[in-house]
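As structure tokens, the structure follows; a few thoughts come after it.
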């Protein structure tokens, strides 16, 4: 599988972050590095479809994000630090919403991830009651369980305890995952993962 970005341009308030930017990534983990404000999170959001580029194309294998937006988004997941925009929902309801969006998800696998991150006791809590670490673990449980080809993870280790960090590293290093997914992550910590590449912005 391949993520291919060609001629990407994007700016905020007349500050250009990308001009004619090209990127080609295959399966495996790529570590995106750069100073604060370099555009790491913006690039993940552009690749995930939550931001729209001003020019250029973004393709996941044969799917172009603007020509086939629904098909593209079914094959990618952006895991960031943003709080849910539906704060009245419980954790279970947030997860059910994602299961509806990604109907091919193995619910047993999602339940196993929730258990590994010690989240099963929080399922009926309002999502706003989660701590920073619990919120990150909820997102990571989805990231590890959803059947997507492109996984975009912004600062995956932020807010995690040592056991959760070790578990996440183990899951992202699994050979079966590395063979079937393109994983692009940002981190201020050395991810200590088998990397397909490191890219500096």
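The residues on offer are 67, 71, and the sole one that is under 30 Å from residue 19 (Cβ atoms), surrounded by fewer than 16 Cβ atoms within 10 Å (Cβ to Cβ) and touching a strand residue (DSSP E or B) at 6+ places or on another chain (Cβ under 6 Å) is 71. Here residue 127 qualifies as modelled with pLDDT under 95 and either in contact with a helix residue (DSSP H, G or I) (Cβ under 9 Å, 6 or more places away or on another chain) or more than 24 Å from residue 23 (Cα to Cα) (or both).
Every listed requirement among (1) in a loop (DSSP other than H, G, I, E, B); (2) out of contact with any strand residue (DSSP E or B) (no Cβ under 8 Å at 6 or more places or on another chain); (3) in contact (Cβ under 8 Å) with a residue 40 or more places away in the chain is met by residue 82 save one, (3).
For region 1-64, the strands (runs of 3 or more DSSP E) that sit wholly inside it and include 2 or more residues that are in contact with a helix residue (DSSP H, G or I) (Cβ under 9 Å, 6 or more places away or on another chain) and farther than 18 Å from residue 151 by Cα are 3-12, 15-25.
Here residue 133 fulfils each of the conditions (1) within 30 Å of residue 37 (Cα to Cα); (2) surrounded by fewer than 19 Cβ atoms within 10 Å (Cβ to Cβ); (3) touching a strand residue (DSSP E or B) at 6+ places or on another chain (Cβ under 7 Å) apart from (3). Filtering region 75-97 to residues that are surrounded by fewer than 17 Cβ atoms within 10 Å (Cβ to Cβ) and closer than 15 Å to residue 151 by Cα leaves only 81. Given the residues 184, 97, 109, which is the only one that is assigned to a helix (DSSP H, G or I), modelled with pLDDT of 95 or more and under 18 Å from the mean Cα position of the chain (by Cα)? Just a single option satisfies the conditions, and that option is 109.
Please indicate, with yes or no, whether at least one residue in region 116-135 is assigned to a helix (DSSP H, G or I), touching a residue at least 12 places away in the same chain (Cβ under 8 Å) and under 23 Å from residue 70 (Cβ atoms). No, every residue in region 116-135 fails to be assigned to a helix (DSSP H, G or I), touching a residue at least 12 places away in the same chain (Cβ under 8 Å) and under 23 Å from residue 70 (Cβ atoms).
The values are calculated or read from the model by the stated rules, or taken from the named source; none is laboratory data. None of the values given here were measured: they were computed from a predicted structure. All Cβ positions, even for glycine, are placed from backbone atoms using ideal geometry, and neighbour counts span all protein chains on display.
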